[in-house]
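Here's the structure we're looking at; comments come further down.
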Amino acid sequence: KIARHNTNLLADAVRQGYEIVASEPAATLCLTHEYRNLLDDDDAQLVAENTSDIGAYLWRMHQNGELKLELQSVEAKLGYHRPCHLKALQVGSPGENLLGLIPGLEIHRTDKGCSGMAGTYGLMRKNYRSSLRAGRQVITSLRNPLLQAGTTECSACKMQMEQGTTKPTVHPIKLLALSYGLMPEIADLLNARSQEFVVT
C-alpha cells in the first residue's frame, strides 16, 4: 500500500519533468529496485528509471561540466566508508569522487566490510553488542588518531560509526556544502572532540 502510494506520487512528479534524487542509498535502492519488483507496474518502472543517488546525480553533472567548482578548501583528514546499499546500486563511489574535488580534504577509504548496523538490526537492544562486533574493522579504522571524522552516505552506518568512536560522521553532501560556503557549522563539527560516544 505504501509502495503504491509513493510510486503514484513520484510518477506524477516525473511526468511533470522532475527527476527523483535521494540522499540515502537505501531509499534509492528501494525506489529503483524494490518497488519495481514489488509492484511491477508502469509507475514503478517510471520512478525506477528516473531516480538517482544524490552523489551519482551530482557526479554526472560534474562529468557534463555542469557542476560549479568554486570550492573553498576544507583542511581535514576523514575516513570514508562506502555503504552496502551504495554498492548494491552499482554506481561506483560517486560521493567519494565528489569529495576528491574539495581542495585540502584528505580522504582515506576504510574498505573494511560492513559497519555492522545492517539496516535496523543494530538498532535493537539485543543486537547492539553483536552489531558493534560485526563492524569492528570499520570502527577500528576510524579510531586512527590521524582521522578527524568519518564520512558516509548511509545514516545507519553513520550511527554505528559514531557509536563506536568519539568522532562525528558527516554525509559527503554536507562536506560539499561546506566547501561551497554553506553549512559553516560542519567545520566546527569536524574539529569536535569528545570523551564519550558522539551521535550527531
Cross-link pairs beyond the 22 Å C-alpha cut-off, checked among Lys112/Lys167; Lys126/Lys174; Lys112/Lys158; Lys1/Lys158; Lys1/Lys126; Lys77/Lys158
Lys126/Lys174; Lys1/Lys158; Lys1/Lys126
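Relative to the present Cα-Cα distance, how much length would full extension add between Tyr121 and Arg60 at 0.36 nm per residue of separation?
So the chain would gain 18.7 nm between Tyr121 and Arg60.
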A 1.4 Å probe over the protein heavy atoms gives the chain a carbon and sulfur accessible-area percentage of 52 percent
Solvent exposure of segment 1-49 as accessible area per residue, Å², 1.4 Å probe
62 Å²
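Restricting things to alpha carbons, find the Rg to Rh ratio for segment 1-136 using the Kirkwood radius for Rh.
Dividing the radius of gyration by the Kirkwood radius yields 1.04.
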D_trans [Stokes-Einstein, Kirkwood Rh over alpha-carbon pairs] for segment 22-65, 37 °C, 0.692 mPa s, µm² s⁻¹:
302 µm²/s
Counting only heavy atoms of the protein chains, get the accessible area per residue of segment 51-161 (1.4 Å probe) and round it to a whole Å² value.
52 Å²
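The values are calculated or read from the model by the stated rules, or taken from the named source; none is laboratory data. None of the values given here were measured: they were computed from a predicted structure. Keep in mind that these areas ignore ligands, DNA and RNA; they rest on the heavy atoms of the full protein, side chains included. Shrake-Rupley method; radii C 1.70, N 1.55, O 1.52, S 1.80 Å.
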